[in-house]
Amino acid sequence: MFDRLKRGVSREALRNNRYLSFIGERLFAHELWHLERGPVARGAALGAFFAFATPVAQIPLTAALCVVLRANVPAGLLATLLNTPLTFAPVYWAAHQLGKLVLQGPLEESLLATTIVGSVVMGACAAAMAAGFVHLAWHHPRLARLRAPCEHNEQV
């Protein structure tokens, strides 16, 4: 098992995977895997949104939308880790409280409605902050050293 992790997954294995065949060559788009500011910011925003907006299927939803919106997949998947199973209870309690503030009137008493509205608002705020953070931090000197080798790679 560790041997396979060291080698990674080959492109041919991904191309021939029957579960990924519907994606086709879009899976190998340059923006999905290389460090560029726009795609990384989009991926981080998508991951942060789904980290708070949905309690289940965060990673598959993020990965699918990263492919569709040409966002950086690793950044999106990493950003979903903002909300872990250890933090679900306090996050969704806060989402419920936020939903009660947003929804005034008869829907305020609905546990499901207030939690959904609150989690979507929290997800949107987290997405905006994640994208803003990527844009602000992009030109930091230490990050520039990490990006340098990737900027001159050929397109996949």
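What follows is calculated from the coordinates using simple rules that are stated; it is not laboratory data. This is a predicted model, so every value here is computed, not measured.
Relative contact order of the range 2-142, taken over Cα pairs closer than 8 Å and 6 or more residues apart, is 26 percent. Phi angles of the range 82-96 translate, via the Karplus equation with coefficients 6.51, -1.76, 1.60 and θ = phi - 60°, into HN-Hα couplings of 4, 10, 9, x, 5, 9, 4, 4, x, 5, 6, 5, 5, 5, 4 Hz per residue; Gly and Pro are given as x.
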